[in-house]
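One structure is given below, encoded as structure tokens.
The values are calculated or read from the model by the stated rules, or taken from the named source; none is laboratory data. Computed from a predicted model, the values in this text were never measured in an experiment. With ideal geometry, Cβ positions are generated from the backbone for all residues, glycine too; neighbour counts draw on all protein chains shown. Remember, those area values only see protein heavy atoms, side chains included, never the ligands or the DNA or RNA. Shrake-Rupley method; radii C 1.70, N 1.55, O 1.52, S 1.80 Å.
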Amino acid sequence: LVAESTAASILNALGMEEANTFRNSAAYIKGWASKIKADPMMYITAATKAQAAFDMILGIKSEDTTERV
């Protein structure tokens, strides 16, 4: 779940996402639906890890994502 979410986000950020890659990712994540429904925290944990992986792979530092006021 973490790897698929990370990969889908990277493809989207780089403008490389296509209809078939989106459908494949959506289908994979949908396969997790019953487990996520039973334990919603699982998705939050996976999303947090996917964001960390996304940031690391693309070289985004935490201060780069902090909203500046």
By accessible area with a 1.4 Å probe, ligands and nucleic acids excluded, highest first: order of T6, T48, T21: T48, T21, T6
Carbon and sulfur %, accessible surface of the chain computed with the full protein complex present, 1.4 Å: 61 percent
The chain shape via C-alpha gyration tensor axes, a/c threshold 1.5: oblate
Amide H within-cut-off set for I60, under 5 Å, with H built and near neighbours excluded: none
In Å², nearest 10: area of M56 left accessible to a 1.4 Å probe: 150 Å²
Solvent accessible area, Å² - I36, 1.4 Å probe, full protein context: 30 Å²
Accessible area, probe 1.4 Å, largest first, for residues L58, L1, L14: L14, L58, L1
Computed over the chain: relative contact order in percent, which uses C-alpha pairs under 8 Å that are six or more apart: 42 percent
For the chain, size of Cβ-based charge dipole, Lys and Arg +1, Asp and Glu -1, in debye: 280 debye
